[in-house]
Structures are given as structure tokens and as C-alpha cells.
Amino acid sequence: MRANVLGAAMLAVLLCSLGVQAQTDTGPTAASPAAALAAPKPLPPAEAFFNAPDIQAAKLSPSGRWLAMTTGIGSARVRLIVFDLQQWKLHAQLAHYTDADVYQFAWVGDERLVYSLADLQSSARPIWWPGLYSVQRDGTNQRQLVKIESPFFVSKERFTREPLSPQHLLLHVPDLQDEDVIVAEHTYTAAGEPVGTIAKRLNVVTGRATSLSLGAPGPARDWLFDPAGEPRVVTTFKEGRITVHWRAPGQAGWRVLAEHPRYEAPFSPEYVDAKGVLYVTMPHPRTGHRVLSTFDFQIGKPSPDYLVSAPGFDFNGHLVAEVDGGPALGVRQEVDAETTVWFDPRLKALQEKADRQLPGRVNRITCKRCDQPDMTALIWSWSDRHPGQFWIYTAANDGWRKVGDVRSRVDAQSMANKGFARFAARDGMEIPVWITTPPGPQQPRPTVVLVHGGPWVRGGHWQWEAHGQFLASRGYTVIEPEFRGSTGYGWKHFRAGWKQWGLSMQDDVADALAWAVKAGHTDAKRVCIAGASYGGYATLMGLVRHPELYRCGVAWAAVTDPRLMFRWIHGTDQSDEVRAYSLPTLMGDPEKDAAQLEATSPVAQASRIRAPLLLAIGGRDARVPPLHGYQLRDALQAAGRPPTWIEYPDEGHGWYYPQNRADFARRLEAFLAEHLR
């Protein structure tokens, strides 16, 4: 093995090619060695954690000759570039705007790419309708295929056809198609309620679109395609029930495979290969954790001989193939950390090489010409302490070259460790928990209980995460519980959280803190609870229900009154369907459970919040409208306990402007220092 580790080699090449002067660290010039030893190491600034990453994404072309990347290096905006891996130099800058960022991109053959735009410095629907553009690999023949909702860019090319309306999104790139992609048109009622999607094949050269929905069941919500781009699975949703439809290769008609309530799926379609094999996930009959299987069309249900299971975790991964739907080379699955099991012996050997080259990390491999002597592989490497790097491996010379760091300003050696554990809640249910501990010996430290949003998602992953690392860099232990209702840990865990906002879900958060205290991680007298969205709600209810545990609270973009979630509020992005079918199941019925919803409303219980509170909102939040924040602020003021108030007028459900992310981090740091030191 010949290693060619060039440090920031590609970064330097890019900066030079783009006309940006590289910054170098020449070290101290005047301080004596004794003074250097005595001076404490300065804390990394908030910007190091919350500015945009240097490299957003990287993808190999089908031949493996070219590497496309989205990067913010040397610019305030994310651009799309192509790098020549044979010549190891910048090939072309394809898209760079002064008022927009390249959001997503994909190769369409080896000669063309498609990309979409967003405003990643604004959270007021920054990626709602991002448009679609095609461009030659050398940067020529740039054309607009789908209009963008915001006028970031107006094409100067003349079209044979008018671009499609903004309600079209890229859905699939068929295998070995040099000119076609598949897009989905999202349709709505006159009142703005979502109806479904219409799949279309779109030629990226001519702009010609042809419908793939003729004869398909509707209104379709989700689609699965085979490698040739033929629709094989259509999922429809109506009045709280899901129907899964299948069309076999060579068949014109559609067959119903299942029909069920939304949250009681016997299986979920995941993947269709070139032979027409349908891969699905389903609950394990004994444990309830989701496993990977194939659908047996003869018996009309998933095969009982499942392919992949991960005890204690739902299957969360996919088959690994060179192209979507191609022959499976391995299977990738996330348990606490991501892992890949390779079926192909060459890739298994390459994985072992990568893990030796980059020890202690997850090393995700994607390859092109995977079964050929000239295989090229892209390795995305990260850990809990390292934000990530991209590397190129070439089989012809057994060579490794570093592309660059995801966040070059982060010193991985000074970052904190992130661990995973499980503990028994007060009713005996096993609760997963993540714990981030500052460098140094284990000892009871001031602690932030950081509650994830959603709440029906998996909150934690074994990777570098800005909020946890920022807090740990300031000396705090960070506890992140996967309370009941979180997904990824089995049906029983998810189901146990239904209608438990402010109740057993809240008890799980308190029990996680008790576990951390008992384990010696936390100073019980110096604890603050914090979170955004549902995490902000749990922060508020923690101060209501368990005031003896927390010295302070920090809530941003927080639900402050669950009852408001069932009301239409101007500007909300919650649909009537969600309010009618999802929320009554998961949160509670607004009529039958009215007393419970009032008892678990922070606004209704505001007089019980006594601890200092930092409360922040975005003035254009469509998911949790600002009314939530205003009502709680007014209630706390009326109770004589006004919060520390932050409002970012141009932000939505979270902070997108880099200056606001850094500003909030500094205010959070000052607030915690005031109340926990």
C-alpha cells in the first residue's frame, strides 16, 4: 500500500484555482517557551462549530474519473465544482451564485450533472422549491429545467420548452441514463392542502417531460423505481390509511400488497433491484425491532427469513450497490455507529485497509468500476470527535489521497467523546442515552440535558455534532436521552410514547439525569435542561414537573402549548391531514384528551416555571409559529418571571444565518455560565 497523504493538498489546489489566498498557521513568533506553556489554550470560537462546513458533499462520476463537490471554501456561498482525479486539479466550477447555495446535485452519466438551489443562510423556507438545473461537466450548456420559487437565478439559455413549475422535485436518477432523470410534481387543493405527486421522466438536454403516472394508483405519496427508472411501488395515503401498490416487471397493472393505518404498517417498501426483487423492512415477530427482508409475492407478505437484524435497533440502512438497484455488494446499517458488511471480498479487504489507514472512525466507502482493476473509491471518514474527511483510493496503484476536511477549523484532538448507553427508567423500560464528556478524567461536571426535537425521530448518532461539542468545549457534560416515542429502537419503544407528552416521556428525561448522576458524570446541583422544537417543549415541562432537578432552562423554537398544534394558524406548514390523523394518535385527541393537554401545556402551567429561562424564537417559524413564544413570554411576565428573550425576526424553525447561529451560541454560553458556574 502506497500512502500519499498530502494534508490539505486538494484544499490548497482549490484555493489556488479559485483565486483565494490560503491562510497558514505560522505559530507564535514572540512568546517564550515558558510563556507558551503557562498560557491556557483559548477556547475555539462559536464560529468554528456553527459556520457552514468547508465541504458539504462529494460524489464520484460513474467512471470514477471525476469528483463533484459542493464547497464553501473561499466563498460565503456553497458552490458546485468538478475535480479531475487523474490530473489532480480543478476541472471546472459549475455553479456559483452570490445570493444562493447549491443544495443538492447528482451525476447524470459522466458528462452531465443536475443540481438545485437553496438559501442556506435563511430559514424562511430555504429549500421549499429549489428548482433544478442541468450543466455539462465542463460548466457549459447550463439550463434551467425546473423553475425556482425564489428568483436566485434566471437562465440565459434559450429553451425549446418552458421549464417545469417550481412544484417539481428531483426524485430518482436512473442507472446508465445519460439524459433522463425522474422528478415528482407535488399537487395541492385550492386551499393549499397536499394531494399527491405525479412522477415524470425529464430529459435534461431538451427539457421534455413525460408522465410516468398514467395508469398508476393515486393520489401517490411515495414512489420506488427499478434501476431503469420504471415505477414499481406506489404508496397512497388517504384519511389516515396507507395503501402499498406493486407493478411487476413486464406487467401493466398494479396489485395491492397492503392497506393499513398509518402507524401500523406490517412492512415498509425500501428498494427494488434490477430483477424485480422488492426489499422491505418489517417488525421482528418477537422483539418488534425492524429487520430487512424480501417480499414473497407467492404468500403475499414479507419472507420470514429476514436478511439483516440488529438487536436493540431498528434496521436503518440500505443495500450497497454501485448503482441504485444494481447487484448488492454489501449492506450498510446504523446501530450506535454506522457499519458495513461487504459481500464482495475486494471491498471487504478495502474496508480493512481503510480502517487501518483511518483508525477509530467510521469509514464509508463508495466505489465506481468496483469489480475492475482500475476501481476508484471515495471514503467519507468521521468519528464522534472528527467532523469528517474525504479521501480517494485508487486500486491501480493502491494509492490514498486526501481530498479535504469537512471542517478544517475544528481540532479533533480537543473535541469530546460521545458514548452510548442504556438505562432502566422508573417503570423498567430500557432507555437509550447519549453522553458527551469533555476531555480529561471522568468526574461529576456541570451538565446540560439536551433533549432532541421531533419527537418521533432518532435523536443521536455517533458522529461529530455542533451543539454537543460546543457545550462540551465549555466544560459541560451533555446528556441526550432517546426517550420513549423516539424511533429507531423498536416498535415498543416508539408506541410507548404515544400521548405521553409531558408525562412518561418527561419522566424518561429526568431518569436519564438520575442515571448520569449515579454514574458519576454529573454534578446534580449544577444542571440545565435545553432543547429546540419538541426539545424546547420538554425543557419547559421539565421546569414545570421537576423544578428540583434544574437550575435553568433554554428553549428555542419551542412548542409552548400542544393545544395550538391542532389549530390552523396563519403561516403554519402543518396540514389538515396531520392535525386530523397524526397528532390525535401521537399527541392526544383535542376533545377527548383536552384535560391532559391542558395539564401538559407549559403556557397553562406557566406560574409553575420558577427557574431562569432563556426563550428564543424565529419570527418566521412555520412549524411552530411565533405565537407559541409570544404567549409563553406574556404568561411568564404576568407571573412575575420574565424570560431572557431572543427573537430573530428573519429566522424560521431554527437558525440558518451563520451570524445568528454564532450569536445564539455565545448567548447560550453566557447564560449557562451565569447559572451553572
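Descriptive notes on the structure:
- Residue in region 470-497 that is least open to solvent (accessible area, probe 1.4 Å), counting only those that are within 17 Å of the chain's Cα centre (by Cα) and of a type in the set (S, T, N, Q): 486
- Remark: pairs (first residue in region 517-544, part of a strand (DSSP E or B); second residue at pLDDT below 95 and crowded, with 24+ Cβ neighbours inside 10 Å; Cβ separation under 7 Å; 6+ apart in sequence or on different chains) are absent.
- Of the candidates 258, 220, 265, the single residue that is more than 26 Å from the chain's Cα centre (by Cα) and either hydrophobic (A, V, I, L, M, F, W, C) or surrounded by 19 or more Cβ atoms within 10 Å (Cβ to Cβ) (or both) is 258.
- Helices (runs of 4 or more DSSP H) completely within region 584-677 that count 3 or more residues being open to solvent by 60 Å² or more (accessible area, probe 1.4 Å) and of a type outside the set (Phe, Trp, Tyr): 627-638, 658-676
- Matching residues, region 223-241, being of a type in the set (A, V, I, L, M, F, W, C) and in contact with a strand residue (DSSP E or B) (Cβ under 6 Å, 6 or more places away or on another chain): 223, 224, 225, 233, 234, 237
- Per this entry, residue 193 is counted among residues that are farther than 17 Å from residue 109 by Cβ, acidic (Asp, Glu), modelled with pLDDT under 95 and under 26 Å from the mean Cα position of the chain (by Cα).
- Scanning region 79-89 for residues that are under 24 Å from residue 395 (Cβ atoms) and surrounded by 15 or more Cβ atoms within 10 Å (Cβ to Cβ) yields a count of 3.
- If you check 349, 416, 412, 377 for being open to solvent by 30 Å² or more (accessible area, probe 1.4 Å) and among the aliphatic types (A, V, I, L, M), only one passes: 349.
- Of all the listed residues (364, 385), the sole one being surrounded by 15 or more Cβ atoms within 10 Å (Cβ to Cβ) and in a strand (DSSP E or B) is 364.
- For region 33-54, the condition holds for at least one residue, the condition being that it is in contact with a Pro (Cβ under 8 Å, 6 or more places away or on another chain), at pLDDT 50 or above, over 23 Å from residue 358 (Cα atoms) and part of a loop (DSSP other than H, G, I, E, B).
- Only listed residue being at pLDDT 95 or above and among the hydroxyl-bearing types (Ser, Thr, Tyr), chosen from 600, 572: 600
- For region 179-201, a residue qualifies if it is in contact (Cβ under 8 Å) with a residue 60 or more places away in the chain and surrounded by 14 or more Cβ atoms within 10 Å (Cβ to Cβ), and the qualifying residues are 179, 180, 181, 194.
- Answer residue from region 437-469, given it is farther than 22 Å from residue 42 by Cβ and part of a strand (DSSP E or B) and is most open to solvent (accessible area, probe 1.4 Å) among those: 450
- Residue check, residue 427 over 30 Å from residue 74 (Cα atoms) and touching a residue at least 24 places away in the same chain (Cβ under 8 Å): yes
The values are calculated or read from the model by the stated rules, or taken from the named source; none is laboratory data. Remember, predicted model here, so these are calculated numbers, not experimental data. Positions of Cβ are generated from backbone atoms using ideal geometry, with glycine treated the same way; all protein chains shown enter the neighbour counts. SASA here: full protein model, heavy atoms, side chains in, ligands and nucleic acids out. Shrake-Rupley method; radii C 1.70, N 1.55, O 1.52, S 1.80 Å.
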